[in-house]
Structure formats: C-alpha cells, structure tokens
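The values are calculated or read from the model by the stated rules, or taken from the named source; none is laboratory data. Only a predicted model underlies this, so the values are computations on that prediction, with no experimental measurement involved. Note: ideal-geometry Cβ built from the backbone for every residue, glycine included; neighbour counts use all protein chains shown. We work out accessible area using only protein heavy atoms, side chains counted, and drop any ligands, DNA or RNA first. Shrake-Rupley method; radii C 1.70, N 1.55, O 1.52, S 1.80 Å.
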Amino acid sequence: MSTVEGQKDLPKVDVSYLDIGSFDPVSDGMLKTVTIVNYAFLIGVISVTGVVLNIINIAVFLKQGFKDPINIPLVGLAVADTGGLVCLIWMSLCYNPLVVGSLERLDLVGIQHITAGWPHVCFTRITGWLTVFITFERYLCIAFPLKVKAILTPRRTAIIVVVIFIVLILTVVPVYIAIYIDRVFSSKYNRTLFTIVYIQDGVSLEKFSLYCSTFLQLSSFVLVAMLTTGLVVKITQKSKWRIATSSANQNEAVSSRDRKVVRMVIFISGIFILSFTPVVIHMLAMLSVADFIVGGRYQNLFLLCGTFVFNLQAINSSANIFVYLKMSSKFKDVFMSMFCNVKKQ
C-alpha cells in the first residue's frame, strides 16, 4: 500500500493546532530553548529526585504506623506527589530532543497533554485537597483537643483520603472521553503522525474538566489560606491562655511547642501558596483567553509559561521531606533509624 493510499483510510479530523505556530507571540525557537532547559533537564532531574524522596516519606510513615491519624493523609500526600512527579518525568522525556528525534512519527507534545499534563493536574488537585484536610485536622486539634480523636478516627480519616482521590480522579474522566490518540496527516511536517484527536464536541468536554479543575484549585487555595489563618489565631489564643494559667517553667515549654507549630503551619502554607499561585494564574488565563491552551493560537506561550509552573510544582512536591526532618522529631528519629542506622539514645 502506498503512502497516498494509506492516507485515504485515515480519519478526517481537525488537526489545525499542528500548524498554528506562526500566530503565537512566542517563537518556536524560543519555546524549544526554554523547554529543553526547563522540561528536558530541570524538571526531569527534580522529579526523579522527588520520586525517591517521596518513596522515603511513604516508607517512614508506614514504619511509624497510623496510631496518629495525621500520618494517613501525609501518606496520601506523598502518594499524590509521587504520581505528579512521575507524570513530570514522562513530560520531560516528551520534550527531550533525543527522544523526540528518535520518535518522529509521534506528536509527543500533543500526546503528553493527556498522558502527562492532565494526570499531573489531577494529582496536584489531590495534593491541594489533602493539604486542606491536613490543615483542617490540625485546626480541630487546637480548637477541640478533647474531641478530635473521637471525630477523626483512623478509619474515618482513611475513608476521607480515599474519597478525595476518587472524586478528583472522576473530574478528569471527561478529558479521556473527549480525546484519543490516532494517526493523522500533518501538512506542517508533511507526514503522518500519531497525535491527539478530539471527538465531536470534545473541546467542550475538556472545558468541563477544566472548569471543575479550576474551581477545585481555587477553592482549595482559599480554604488552606483561611484554615491556616484560623489555626494561627487559635494557637495564639491558646498560648496566651496557657501562659496566664501555668507556671513559669511550663510557660516556656508550651510557648516553645506553640512556636514550632506556628512556624510549621506558616511554612507549609507558604510553600503551598507560592507553588500554587502561578498555577491559579495560569488556569485563569486559560479561562479568560480562549486560544491560551494546547491547540490554540497561543499554544507556544501557554507551553512556555507551563514550563515554569511545572518546575515550581516539581520543587514543591519534592520538598516535604525536608519539612518533616526539620519539624517532626518522630519522623526524623524513624528516618535516621531506617536509613542512617542511627537509633535515638
């Protein structure tokens, strides 16, 4: 069968997004340079490192056990971060010139959109809502210290974590109904490629998931900020009350613990806000500018901004172990025992 004859059997689909580079304010050359640095190198290195660190997190929390219910969402957080980082590793490979050059029949930019981009979005939303839950659990510990163990039992905590995973995964299902991978002919490259293809009204289905994702991102962002503020206020109130009703030595001990909790909460909240603010801005731009998306007129600009957004996300997903080692003596003791053969005296 000749090439021309083979093309007659290919589906007739709209693949104009493969030929839109001339309309984009970001040149193909600039995008290529930035993506090689950010995606093919930085994101790949950070993500591989992050996967290893999160596996260590999971191992340490499993060793600690789940008598303390907070370990359950922390394990979930490590799992979500690992999933997001694995997606970024694949994304990094899709932008690696060596991989792209050896797989010329694959439109890797398009394919990674549904094999790496959207799965990563899903995992980051799970991370956001697990952060909401962790912050809420800590708020309850301060506000209702005598009731929280009865309210959030390990079983209930595990159910909540599983529900968060299931609900967030369901929000991206429409994307995989709307888009599939098939062979199409690209006039830009003058050859047949395996690339993503939208079904009829597929763009609308993807936009539905985009709206859901944006709402979930914004709401988790706002809730974390509100709960963290409430937690800081509550800790401050409790600290003042304890100082007024305790002895001088007890005052010093309690005050020290409270300061550690406040620093940890502010630090975790700061990392979350710093890493997710660019994501929020990026997604709001997608909603307000129709062509600011893969397949749109400003695809190159969208992808260029995404390289910096994903870099920050990779750092955030990889950094938790350092927070735990610095601020959790139990985590540090187990970690040192497991990986450094150092036991607490």
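Numbers at a glance
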item: Computed lengthening from VAL323 to ILE55, 0.36 nm per intervening residue step minus Cα-Cα distance; result: 95.0 nm
item: For ARG183, solvent-accessible area (1.4 Å; no DNA, RNA or ligand), Å²; result: 100
item: Within the stretch 281-322: backbone nitrogen closer than 16 Å to the PHE41 label point (7 Å, Cα to C-beta); result: 307-308, 311
item: In sequence order, calculated HN-Hα J values of the stretch 87-94 (Karplus, 6.51, -1.76, 1.60; Hz; x Gly/Pro); result: 4, 5, 4, 5, 4, 4, 5, 5
item: Global form of the stretch 20-91, assessed from the alpha-carbon gyration tensor, a/c cut-off 1.5; result: prolate
item: Cβ-defined net charge surrounding LYS67, 13 Å radius [Lys, Arg +1; Asp, Glu -1]; result: +3
item: Protection proxy ranking, peptides 105-114, 27-36, average beta carbon neighbours within 10 Å, highest first; result: 105-114, 27-36
item: At R0 = 30 Å, FRET efficiency that the Cβ-Cβ distance of LYS330 and VAL280 yields, to 0.05; result: 0.35
item: Prolate/oblate/rounded call for the stretch 96-152, Cα gyration tensor, a/c under 1.5 rounded; result: prolate
item: Accessible-area composition of the stretch 18-171, carbon plus sulfur, in percent [1.4 Å probe]; result: 76
item: Percent of C-alpha pairs per 5 Å bin, the stretch 93-248, short to long; result: 2, 8, 12, 13, 12, 11, 10, 8, 7, 6, 4, 3, 2, 1, 1, 0, 0
item: Radius ratio Rg over Rh of the stretch 294-345, counting only Cα atoms, Kirkwood formula for Rh; result: 1.39
item: Cβ-Cβ FRET estimate between TYR211 and PHE339, R0 fixed at 41 Å, reported to 0.05; result: 0.40
item: Histogram of C-alpha separations across the stretch 130-169, 10 Å bin width, %; result: 29, 52, 17, 1
item: The stretch 140-201 and the stretch 67-121: distance between their alpha carbon centers, rounded to Å; result: 13
item: Given LYS63/LYS332; LYS149/LYS326; LYS67/LYS147; LYS147/LYS330; LYS147/LYS234, the pairs whose alpha carbons are separated by over 18 Å; result: LYS149/LYS326; LYS147/LYS330
item: Approximate spin-label separation MET226-GLU104, in nm, with each point projected 7 Å along Cα-to-Cβ; result: 5.6
item: Pairwise FRET efficiency - PHE144 versus SER219, Cβ, R0 = 30 Å, nearest 0.05; result: 0.80
item: Peptide ranges 275-287, 74-86 listed from the most packed, as the mean C-beta count within 10 angstrom indicates; result: 74-86, 275-287
item: Extension gain (nm, one decimal) between THR33 and ILE273, 0.36 nm per residue minus Cα-Cα; result: 83.6 nm
